[in-house]
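The values are calculated or read from the model by the stated rules, or taken from the named source; none is laboratory data. What you are looking at is a predicted structure, and each value in this text was computed from that prediction instead of being measured. Using ideal geometry, Cβ is built from the backbone for each residue, glycine included, and neighbour counts are taken over all protein chains shown. Heads up: the accessible areas ignore ligands, DNA and RNA and are worked out on the full protein's heavy atoms, side chains in. Shrake-Rupley method; radii C 1.70, N 1.55, O 1.52, S 1.80 Å.
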Amino acid sequence: MSPTSRNVPSGPTIPIARIPPGEVDTVLRSYQLGFSGEETKRLRSYFVREGRDPTRVEISGIAQSWSEHCSYKTSKPFLKRYVIDLPDNTRDLASGVAGVMPIDSEWAYALRIESHNHPSAIEPYGGAATGIGGILRDVLAMGAKPVALADPLFFGPLHRESTSLPTGVKHPGYLFRYVVSGIADYGNRVGVPTVSGSLTFDEAYTYNPLVNVGCVGVLRRKNLLPNRARHVGEKLVLVGGLTGRDGIGGVSFASKELTGKSEKESRPAVQLGNPIMKEPLIHAVLESVEQGLISGLKDLGGGGLATSSGELVHAGGFGSEIHLDRVPLRESGLEPWEIWISESQERMLLSVGPAHLRRLETIFRLHGVPFSVIGEVTPPPYESLYYEGRLVGRLEVGFRVEPELLDRPVRSRPRSKMSGALLGPKGSWEEVLSALLGTSQGASREPVVRLYDHEVQGNTEVGPLSGHARTPTHSDAAVLRIHPDLKKGLAIATGSAPFIGALDPETGGKAAVVEAAQNLFASGARPDALTDCLNFGNPEDPEVLGDFDASLEGLASAARALGLAIPSGNVSFYNGGFGYEIPPTPVVLAVGIHPDVERVVTTPFKRPGNVIYLLGETSPHMGGSLYARTFSLPETSVPDIDPAATRRLGEVLLGLGERRWVESCHDVSEGGIGVALCEMAFGRSLGFDVTLPELEAIPPWRGLVSEGGSRWLFEVPPSRCGAVEEMLGDLPWTRLGQVTRNVGVIRSEGRVEARLDLMRLYREWRDRLASTPGA
């Protein structure tokens with residue numbers, strides 16, 4: 001105890017302003033959390049046992065820790081049911097706010113993905129920017145250097161009429177422009193490359209956009225830090241940005257649906273980012289970790305200091321003493337409860353042995369990063385909070401940070417009977433491909449990617465637009481070098497399948513994992529681990545939880561079949577409002593180990609005369625496909641997803657790549673074979689002449705646009721075809737045709753179905769996102 005606090009009474013006789021019993025419910029309602037009757041009863045019982053009323057500081061901390069956003073009180077029972085045991089070689093790598101996976105005996109990587117959906121719907125630039133800031137801190141909190149960012153984004157249609165939007169809903173074009181700007185400005189300024197991500201546009205995300213952000217970091221295994229205090233007497237040190245009123249109640253805001261009043265009521269809950277502070281904070285933390293000066297580390301995210309300090313000491317089995325008046329402020333006049341739960345950005349909480357304080361402070365001062373000792377680790381079970389010598393809160397830490405889990409009702413959503421019937425093609429084959437490539441969903445992401453610095457730090461071997469502008473060498477997955485002395489690299493890809501999930505949540509969960517794995521295999525990397533962001537509607541709706549349960553089952557079963565570990569993840573509920581809800585949208589960020597970063601398999605065709613192969617089986621089912629959505633066709637049955645087949649075929653593909661027989665490769669996903677062929681041709685202004693395989697009971701045009709099955713297109717020199725076909729053996733494969741100069745020819749059943757003007761298609765594909773209405 002400090003000299004200031006020794007004479008301050010504790011326990012039932014706290015001599016401070018308390019909340020009168022009749023006003024406790026009023027304070028709780030101010031957070032709009034909707035505590036259940038059992039939760040309120042537990043809260044009241046605790047203070048009856050303590051023999052006193054709660055203080056505003058205490059209730060404020062409880063409101064944050066018991067929110068859905070912080071506690072996972074609805075999702076934890078489901079997550080435990082589908083847990084996947086981590087491999088034996090991870091036993092010495094304790095995961096925390098981010099997962100940690102081994103690379104070799106010396107190196108490991110950290111991975112995490114999270115959401116910043118609600119803040120970005122209210123203030124898209126700041127919401128997206130602070131989402132990047134938060135995910136960087138999660139990886140840094142493990143002692144890892146952030147080396148890559150990813151941004152799967154979901155918006156309403158860009159060309160939607162703005163006059164039909166209700167008050168409080170921003171035009172998708174406006175959200176799109178400023179979310180992308182926020183991500184670019186923060187990531188570029190802090191010096192971490194944005195190398196992966198996705199863009200999805202659909203009416204389902206008009207009222208609640210999804211801004212998911214992921215990060216991968218690299219660390220030496222000896223530097224791995226736990227997110228917990230280790231010893232009584234360790235000092236609690238707050239480093240980084242100053243504390244203000246921004247972000248107060250942010251987790252409460254994220255634990256309810258958006259309404260027409262959200263803009264006015266919740267804008268203060270959106271945090272303010274400061275990447276110029278974040279960069280030196282990262283350097284100072286990493287330098288301190290390397291010197292062994294930090295015992296435990298936690299970032300200040302949702303719930304601010306209240307959540308961070310409580311979780312840090314409780315994980316170690318301790319209590320704490322914290323002096324809120326020692327927290328450096330950005331503005332004067334903050335009340336103790338505001339300091340306690342502010343979500344101001346760029347802050348970390350360190351648990352430090354007293355002997356290391358002076359050296360640690362020197363490092364942070366040299367980097368120009370604020371450094372304040374605000375408390376210390378104490379014996380359990382209480383956290384004692386002081387302000388100007390007065391005790392303003394004293395709670396059992398476990399009571400505050402571990403709310404009871406909720407047992408909400410679950411019900412499967414009734415779905416209409418799906419049919420495999422689908423009418424013939426909507427126009428000529430060239431018109432169909434032109435329509436698919438010209439949609440916002442099928443268009444090139446180049447206008448967005450060029451805003452991101454994907455080569456800062458100098459580790460990006462193959463990124464979204466690597467190489468010379470006229471001969472880009474991008475791959476389905478970004479590949480980064482781990483260390484100059486290592487050939488091994490990390491491959492990064494994302495995956496989601498919300499439109500399949502809307503028809504069949506379990507299959508949608510499988511499809512999200514398989515998509516990411518296919519991208520990794522295409523680059524020549526073996527899938528190793530994933531982190532997932534589970535975006536769903538209101539968990540108080542039993543059918544939403546039915547979708548959640550089914551999606552989790554599909555995701556977990558696919559990960560097991562592919563041998564993917566899941567060491568971290570995030571759940572985002574309450575995505576909806578204005579009478580709408582999003583479809584089940586699990587998003588995955590997957591990481592693979594690439595054996596040689598100088599031998600990455602890239603996407604564009606390389607040489608005329610090379611042979612084009614299709615690996616994998618084509619499914620006749622079109623449910624959730626870009627074709628069905630583009631032409632507003634009725635619901636049809638979804639394709640079968642076989643993760644085990646994906647792994648089996650992917651391993652063969654890796655074997656071909658290791659022998660240097662594959663010159664380019666691209667997975668077949670949105671838009672089917674037709675779109676995939678065009679995208680491979682666009683990279684180097686080449687063409688193709690292919691004959692689609694004759695498929696039993698599948699019309700040829702469906703073979704062009706079907707997205708089902710685990711499939712890849714890959715290019716092989718003619719001299720290697722015999723060896724390749726021998727290795728493929730009895731797997732499902734087809735020799736489609738060859739790479740040509742600049743024309744795309746598609747044949748079927750002995751006739752030419754399309755002779756494509758690839759330059760015209762390229763311009764339509766490239767320019768679609770360059771101009772954004774509503775911005």
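List pairs: first residue in the range 68-86 and within 14 Å of A550 (Cα to Cα) and open to solvent by 40 Å² or more (accessible area, probe 1.4 Å), second residue part of a loop (DSSP other than H, G, I, E, B) and at pLDDT 90 or above anywhere in the structure, Cβ distance under 6 angstrom, at least six positions apart or on different chains.
Close Cβ pairs satisfying both conditions: P77/L405.
Regarding K80, is this residue under 33 Å from the mean Cα position of the chain (by Cα) and at pLDDT 85 or above? Step through it out loud before you land on a result.
Values: under 33 Å from the mean Cα position of the chain (by Cα): yes; at pLDDT 85 or above: yes.
Here the answer is yes, as K80 does meet what is asked.
Could you please find all residues in the range 675-695 being surrounded by 23 or more Cβ atoms within 10 Å (Cβ to Cβ) and over 12 Å from L758 (Cβ atoms)?
Within the range 675-695, V675, V690, L692 meet the criteria.
What pairs can you find where one residue is in the range 540-554 and within 13 Å of I582 (Cα to Cα), the other is crowded, with 23+ Cβ neighbours inside 10 Å, and their Cβ atoms are less than 6 Å apart, with a gap of 6+ or different chains?
V544/F536; V544/G537; D547/P505; D547/P584; F548/F536
Based on this model, can you work out whether G127 counts as assigned to a loop (DSSP other than H, G, I, E, B) and in contact with a helix residue (DSSP H, G or I) (Cβ under 8 Å, 6 or more places away or on another chain)?
Working: assigned to a loop (DSSP other than H, G, I, E, B): no; in contact with a helix residue (DSSP H, G or I) (Cβ under 8 Å, 6 or more places away or on another chain): yes.
No: the conditions fail for G127.
What's the number of the only condition in (1) modelled with pLDDT of 90 or more; (2) buried (at least 18 other Cβ atoms within 10 Å of the Cβ) that P464 fails to meet?
(1)
On the basis of being modelled with pLDDT of 95 or more, of a type outside the set (A, V, I, L, M, F, W, C), part of a helix (DSSP H, G or I) and closer than 23 Å to P586 by Cβ, does D138 make the cut? Lay out the reasoning, then the answer.
Working: modelled with pLDDT of 95 or more: yes; of a type outside the set (A, V, I, L, M, F, W, C): yes; part of a helix (DSSP H, G or I): yes; closer than 23 Å to P586 by Cβ: yes.
Yes.
Contact list please: Cβ distance under 7 Å, first residue in the range 127-153 and polar (S, T, N, Q), second residue part of a helix (DSSP H, G or I) and crowded, with 24+ Cβ neighbours inside 10 Å, pairs at least six apart or on different chains.
T130/P119
Every residue, every condition in (1) in contact with a strand residue (DSSP E or B) (Cβ under 7 Å, 6 or more places away or on another chain); (2) closer than 20 Å to A477 by Cα, yes or no:
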| site | (1), (2) |
| --- | --- |
| S551 | yes, no |
| A556 | no, no |
| P583 | no, no |
| P586 | yes, yes |
| G592 | yes, yes |
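A quick yes/no check of all residues on (1) at pLDDT 95 or above; (2) farther than 21 Å from A204 by Cβ:
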| residue | (1), (2) |
| --- | --- |
| Y109 | yes, yes |
| L153 | yes, no |
| R160 | no, no |
| T167 | no, no |
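Return the residue satisfying two criteria in turn: it lies in the range 684-714 and is outside any loop (DSSP other than H, G, I, E, B) and in contact with a Phe, Trp or Tyr (Cβ under 6 Å, 6 or more places away or on another chain), and of such residues it is modelled with the lowest pLDDT.
Step one: of the range 684-714, the residues outside any loop (DSSP other than H, G, I, E, B) are 687-691, 695, 698, 700-705, 712-714.
Among the residues that remain, those that are also in contact with a Phe, Trp or Tyr (Cβ under 6 Å, 6 or more places away or on another chain) are: 705, 714.
Numbers: V705: 92, F714: 98.
Going through the qualifying residues, I end up with V705.
If you take the residues of the range 122-165 that are more than 30 Å from S288 (Cβ to Cβ), among the hydrophobic types (A, V, I, L, M, F, W, C) and open to solvent by less than 10 Å² (accessible area, probe 1.4 Å), which of them is farthest from the chain's Cα centre (by Cα)?
L158
Every residue in the range 187-233 that is closer than 25 Å to N274 by Cα and either part of a loop (DSSP other than H, G, I, E, B) or out of contact with any strand residue (DSSP E or B) (no Cβ under 9 Å at 6 or more places or on another chain) (or both), please.
Within the range 187-233, R189, G191, V192, P193, P209, L225, N227 meet the criteria.
For V513, only one of the following conditions fails: (1) part of a strand (DSSP E or B); (2) modelled with pLDDT of 95 or more. What is its number?
(1)
Please verify whether the range 338-351 includes one or more residues that are open to solvent by less than 10 Å² (accessible area, probe 1.4 Å) and in contact with a Lys or Arg (Cβ under 6 Å, 6 or more places away or on another chain).
Within the range 338-351, one or more residues are open to solvent by less than 10 Å² (accessible area, probe 1.4 Å) and in contact with a Lys or Arg (Cβ under 6 Å, 6 or more places away or on another chain).
If a residue counts only when it is under 21 Å from L366 (Cα atoms), which helices (runs of 4 or more DSSP H) contained entirely in the range 272-349 have at least 3 such residues?
Details: elements: 275-290, 304-315, 336-341.
Correct list: 275-290.
Could you check the range 475-491 and list, in sequence order, the residues that are open to solvent by 40 Å² or more (accessible area, probe 1.4 Å) and either modelled with pLDDT under 90 or not basic (K, R) (or both)?
Taking the range 475-491 first, the residues open to solvent by 40 Å² or more (accessible area, probe 1.4 Å) are 481, 483-488.
Selection gives H483, P484, D485, L486.
Within the range 733-759, which residues are under 19 Å from V705 (Cβ atoms) and touching a residue at least 60 places away in the same chain (Cβ under 8 Å)?
Filtering the range 733-759 down to residues under 19 Å from V705 (Cβ atoms) leaves 734, 736-737, 744-749, 751-758.
Result: T734, L736, G737, G744, I746, E753, A754, R755, L756, D757, L758.
In the list V195, V169, which residue meets the criterion of being crowded, with 18+ Cβ neighbours inside 10 Å, within 24 Å of the chain's Cα centre (by Cα) and farther than 30 Å from S475 by Cβ?
Working: V195 fails: farther than 30 Å from S475 by Cβ.
Only one candidate qualifies: V169.
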